[in-house]
1. Each label point is 7 Å from the Cα along the Cα-to-Cβ direction; what then is the distance between the points at residue 291 and residue 132, in nm?
2. When you count, for each residue, the other Cβ atoms within 10 Å and take the mean per peptide, how do 322-332, 69-79 rank with the highest first?
3. Starting from the Kirkwood radius over alpha-carbon pairs of the range 73-246, derive D by Stokes-Einstein at 4 °C in a medium of 1.567 mPa s and give it in µm² s⁻¹.
4. Which length gain, in nm to one decimal place, applies between residue 339 and residue 85 when the Cα-Cα distance is subtracted from 0.36 nm times their residue separation?
5. Give me the extension gain from residue 55 to residue 348: residue separation times 0.36 nm, minus the current Cα-Cα distance, reported in nm with one decimal.
6. Which residues in the range 116-132 place their backbone N less than 15 Å from a point set 7 Å from the Cα of residue 256 along the Cα-to-Cβ direction?
Amino acid sequence: MSFSSFIARRYLQSRQNDGFISFITAIAVIGVALGTATVIIALSVLGGFEREITEKVVGFTSHLQIQGFQNQPLTNYVYNTMAIEDSFTLVKAVAPYVSREALIRSKEGVDGILLKGVDPFKDISRTPKYIVEGAYDLYREKGSLAKIVLGKKLTTKLAIHIGDKITVFGLGRSVEQGRLRAMQFRVSGIYESGMSDYDDVFAFTALADAQTIFQIGHAVTGYDVLLTHIDSAETVSQQLADMLGYPHYTRTVFQSYRNLFSWIELQKKPVPIILGLIIIVATVNVIGTLLMMVLGKTKDIGILMSMGVTRGGITRIFLRQGIIIAVIGTLLGNIIAFALCYAQLELRFFSLPSDIYFMTSVPIWLRAEYFLFVSAISIFLCILSSWVPARLASRLNPISAIRFA
């Protein structure tokens, strides 16, 4: 251990006659720890919100969708599906679907739904991940009723359970036709995503059954397109529109849910300023602590300098004190942040109203990048704030310092 480090450590240790300095040192460490923990937790929550909302929205739709202009049915979907997958390396999967509004009736009442028919063998949705009762089973055996998967909120409202028979009324190709077709379905699964608007509206069935109830023959109303990278959605969307032409048109998930993603971006804009201020407030404690220590150790500084310790040596002593405070406070802050974030992930003790926030509890995204980035900034600012007291200590006149004491 170097001389500067030894003196710095001794100054930070509690002794009977300088308990006040030890107390303010502890306050400085706690300040850095709380500042670091607050920033890490805030970043983890914001990251969790963005990831959770994006995953759920993409899970019910896709990275981009291809639909028919003015809701026209799209023919030759088998050929188009293969052409898209073969022509674009950024396209991971393509799933044709039929999606339209319908009415659902149970013994307890009637409600509106958005019935989406998907190919059970090409389905790319993440709805199976949210199944809470039954199974995500859309395959219809010969001679049996068509199967349907409903949201938890809707089944609660209409008192529907697994295995129940329900009736769905679907409108034909156009409103002018005015023909409703009724079909009976058996409930095979119930999902709960935590997004109230989805759980109350979205229902899933097999593609062939949706084609039948909506009377569109061997056609679809759109394609869900899953990409290897969501960031390429805009580029691929334009290329697909050019390739397929009229009546196809494309919309990315960011266009379909513009308000939702704009809200996320709005929440993130003031974050650097707010979190920066939190860390700065914590590092100001370090400045105050070291200044108090300089005042309390004025006599010691004078004696050290009279014994031959250079001004650079005095500077290094107080810089090392700042580094020790920064490292201990930052490590403690990391531990606090990780403990609280992990507890929220496991216990979910902070709940949220799903009809407002699209989820039932505060989301957390634990990323090593958050811990490393915040720790580096925290330690850097603490060392920077230690420079002023350290320089003031090194400029003291030895004789005046001893007399002052």
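1. Going by the 7 Å Cα→Cβ label model, 5.5 nm.
2. Details: 322-332: 21.5, 69-79: 14.0.
Peptide ranking by packing, descending: 322-332, 69-79.
3. Values: Rh = 17.0 Å.
Answer, rounded: 76 µm²/s.
4. Working: separation 254, 0.36 × 254 = 91.44 nm, distance 4.44 nm.
Full extension of this stretch gives 87.0 nm more.
5. Working: separation 293, 0.36 × 293 = 105.48 nm, distance 1.88 nm.
Result: 103.6 nm gained on full extension.
6. Hits in the range 116-132 for residue 256 at 15 Å: 116-119, 123-127.
Here, each number is a calculation from the coordinates, and none is a lab measurement. All of these numbers come straight from a predicted model, not from anything done at the bench. FYI the Cβ positions are ideal-geometry reconstructions off the backbone, even for glycines, and counts take in every protein chain you see.
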